[in-house]
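Each remark here refers to the structure printed beneath this line.
The values are calculated or read from the model by the stated rules, or taken from the named source; none is laboratory data. Since this is a predicted model, take the numbers as computed values, not measurements. Glycine also receives a Cβ, built like all others from the backbone with ideal geometry; neighbour counts cover every protein chain displayed. Protein only, heavy atoms only, side chains kept; ligands, DNA and RNA dropped before computing areas. Shrake-Rupley method; radii C 1.70, N 1.55, O 1.52, S 1.80 Å.
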Amino acid sequence: MEGAASAAPFFFFAMPERAPPSLSHLVDALLIAADEALRSLSGAATAARPSPRAADDGPASPEDRTVSARLMRVNHTGEICAQALYSGQALLARRPEVRAALQRAASEERDHLAWCRDRLGQLGARASLLDPLWYAGSFGMGLASGLAGDRWSLGFLAETEDQVEHHLEGHLHRLPADDRSSRAILAQMRDDEGRHGAAGRALGGAELPAPVKAAMRIASRVMTGTAYWV
Ligand SMILES: [Fe+2]
Ligand SMILES: [Fe+2]
């Protein structure tokens with residue numbers, strides 16, 4: 001059950017319930033959010049776990065390498081979005097255990113981001129030029145779902161992770177047969193996303209209305225469609 005702080009406005013973010021927000025707390029939180037954005041977008045984010053990639057050079061044919069690079073660019077952009085979403089949500093989480101769970105998941109998402117970036121480099125490809133835009137939009141969505149309260153924020157997280165898991169299943173089938181490294185990375189990511197979604201539900205995440213889920217799928221399709229090419 002969420003307390004009175006559930007209905008608190010933006011500036012009550014990340015504060016103990018009913019504690020008055022201080023200016024230094026606000027400045028600290030915004031600086032941390034800005035630091036997270038810069039690390040994500042600059043490629044400075046580092047992984048805590050070693051990449052699950054195999055010891056291969058990737059697809060033998062140039063055409064297949066191009067397909068792998070495009071798919072991994074999409075997944076890298078997806079992880080940029082995940083960093084932004086979690087950052088916005090953690091900023092506004094009410095319950096300390098919810099914030100801790102968001103930060104734990106965000107740490108695994110940082111691994112995903114670093115693994116995808118690393119794999120993009122191996123395939124001789126660059127990240128999407130639109131990543132800053134996607135980060136900004138996803139951060140806004142994270143703040144909006146955080147504002148709605150922990151139950152909705154966790155429900156949004158669980159639905160996002162379900163959709164990402166489904167998307168990764170699709171990419172595992174689309175990857176060229178001899179791209180063992182990208183496949184190993186996506187398989188580990190899919191398993192992690194499944195756990196993140198389950199954790200969101202276990203903490204009390206609400207089931208989102210069908211139109212919201214449909215809107216999320218459309219936004220995700222726009223992201224994956226553009227990141228494949230740009
Ligand atoms: Fe992820
Ligand atoms: Fe996740």
Worksheet item: Using beta carbons and a limit of 7 Å, which pairs, at least six apart or on different chains, have the first residue in segment 46-66 and over 13 Å from residue 177 (Cβ atoms) and modelled with pLDDT under 90 and the second one open to solvent by less than 40 Å² (accessible area, probe 1.4 Å) and among the β-branched types (Val, Ile, Thr)?
Response: 53/185
Item to complete: Hey, can you tell me all the residues within segment 90-141 that are in contact with a Ser or Thr (Cβ under 6 Å, 6 or more places away or on another chain), closer than 19 Å to residue 38 by Cβ and within 15 Å of ligand 2 (Cβ to nearest atom)?
Response: 114
Worksheet item: Does residue 84 satisfy being under 16 Å from residue 153 (Cβ atoms), buried (at least 22 other Cβ atoms within 10 Å of the Cβ) and more than 10 Å from ligand 1 (Cβ to nearest atom)?
Response: yes
Worksheet item: Residue check: is residue 215 surrounded by 13 or more Cβ atoms within 10 Å (Cβ to Cβ), more than 16 Å from ligand 2 (Cβ to nearest atom), of a type in the set (A, V, I, L, M) and in a helix (DSSP H, G or I)?
Response: no
Discussion item. Quick test for you: out of 99, 53, 65, 95, pick the one residue that is buried (at least 16 other Cβ atoms within 10 Å of the Cβ), over 18 Å from the mean Cα position of the chain (by Cα) and under 28 Å from residue 151 (Cβ atoms).
Written reply: 95
Response to the item:
Scanning segment 136-174 residue by residue, the ones that are among the polar types (S, T, N, Q) and either under 12 Å from the mean Cα position of the chain (by Cα) or open to solvent by 30 Å² or more (accessible area, probe 1.4 Å) (or both) total 3
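Looking at this structure, is residue 128 touching a Leu at 6+ places or on another chain (Cβ under 9 Å) and among the small types (Gly, Ala, Ser)?
So residue 128 does not fit the description; no.
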Worksheet item: Somewhere in segment 175-182, is a residue open to solvent by less than 30 Å² (accessible area, probe 1.4 Å), within 14 Å of ligand 2 (Cβ to nearest atom) and touching a residue at least 24 places away in the same chain (Cβ under 8 Å)?
Response: no
Worksheet entry | Filter result for the condition that a residue is assigned to a helix (DSSP H, G or I) and open to solvent by less than 50 Å² (accessible area, probe 1.4 Å), over 225, 204 | 225
